[in-house]
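These notes are about the structure you will find just below.
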Amino acid sequence: MKSSQYRSANLIIQTILEGIIRAERDDSILKKGIVKYHLVRYCGLKTTTAEKYFLKLEKAGYIQSREESWGERTIIVYTITPLGRERHEWFVRINSEIE
């Protein structure tokens, strides 16, 4: 049977949380988070699909968003909450058991 190119929702959520954690780790002094555009690209999702996941994760309390000015533009930056860090570990364990 040919493997599917689609990822499970659990794996997508894990990837989103991982992207935010990596961005914060790489910028450990400032811990500012990750710009929405960069997170969408890191996850390899279409913008509309990513926004649905971001909204669900924000409602669940896993991530937080804030708007910042960047020149004349406004950007959205995502950070992870303590609950999100805890859930990331949970998703890693679950996904490793499933695969």
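Largest GNM mean-square fluctuation among Gly61, Gly84, Gly71, using the chain with Cα springs under 10 Å: Gly71. On a 0 to 90 degree scale, rounded to 10, what angle separates helix 82-98 from the longest Cα axis of the chain? Value to nearest ten degrees: 20. The chymotrypsin sites (Phe, Trp or Tyr not before Pro) of the range 4-93 that DSSP puts in a loop, and whose beta carbon has at most 16 other beta carbons within 10 Å, are Tyr6. If you take the charge dipole of the range 8-94 about its Cα centre, with +1 on Lys and Arg Cβ and -1 on Asp and Glu Cβ, which of Phe54, Ala9, Pro82 is farthest toward its positive end? Comparing the listed Cα positions along the dipole, Ala9 ranks first. Computed from the alpha carbon atoms alone, the convex hull of the chain holds 110 Å³ per residue. Each stretch of four or more DSSP H residues adds -39500 (n - 2.57); spread over every residue of the chain, this sum gives -18500 deg cm²/dmol at 222 nm. A Cβ-based charge dipole, computed about the Cα centre of the chain with Lys and Arg at +1 and Asp and Glu at -1, lands at about 240 debye.
No value in this document is a laboratory result; all are computed from the given coordinates. It should be emphasised that the depicted structure is a prediction, and the values quoted were computed from it without experimental measurement. Note that each Cβ is placed from the backbone with ideal geometry, even for glycine, and that neighbours are counted across all protein chains shown.
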